[in-house]
1. Report, by residue number, each residue of the range 69-89 that is closer than 18 Å to M21 by Cα and loosely packed, with under 15 Cβ neighbours inside 10 Å.
2. Residue by residue through the range 160-185, note down the ones that are modelled with pLDDT under 85 and either among the acidic types (D, E) or over 24 Å from A33 (Cα atoms) (or both).
3. Hand me the list of helices (runs of 4 or more DSSP H) wholly inside the range 1-98 holding 1 or more residues that are outside the structural domain of L148 (by TED's automatic domain parsing), at pLDDT below 85 and β-branched (V, I, T).
4. For the range 132-154, enumerate the residues that are touching a strand residue (DSSP E or B) at 6+ places or on another chain (Cβ under 8 Å) and loosely packed, with under 10 Cβ neighbours inside 10 Å.
Amino acid sequence: MAKKSSVSAGRWITIGCGTAMLIMAGGGILVFADHTVINFYIWFGVMLALGVLTSGPCMRFWRWLLGSIRRFWMVLAHTVTFTLVLSALLLGVNYLGVESGSLPQEKAVVVRKYSETRYHSKRVGRRTYSRGAPYKVYKMEVEFADGLKRDFPLVRERYGRIHKGDTILVGRGRGILGMPVIDVR
């Protein structure tokens, strides 16, 4: 009887640590995606295909972790986990190996600058939240010489100084793994 409860405790600890790892991987993808210039539809398509292909050798682990459920759910869990963790790892290694000051500077033209209105959340009651006070988020869209367009966030002071048609310097180069990275200062 003791063995069954220790296996169950180990399973729940693994599920908790795995969930925390997936949340951190998702956050890492969001951070590094702003600095990486690739087509993410192709990227995640390849990652999903690799996840499905590698799910076979990992079936014993997923059967232990998820209990005796259908094969579809085990393949799905492996594919999602594989895609998120490997994507965060590869994007992070590609960007973290680059010093932002060492990237070659390229000229880019400001195509447009714009602001988005967002809203804070406001707690109304014990379990109720509503839309709170509005605030602005400032952004600019730049175009490189090769036709690539990219949006960048701005602080309020820089938003006031930049105009449509201005030329700015953007750090653009290759990361350790060869994927293009950018950095706006």
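The values are calculated or read from the model by the stated rules, or taken from the named source; none is laboratory data. The structure presented is a predicted model; accordingly, all values stated were derived computationally and were not measured. Methodologically, a virtual Cβ is constructed for each residue, glycine included, from the backbone with ideal geometry; neighbour enumeration extends over all protein chains shown.
1. V80, L89
2. Result: D183, single match.
3. It comes to 2-33.
4. A133, P134, A145
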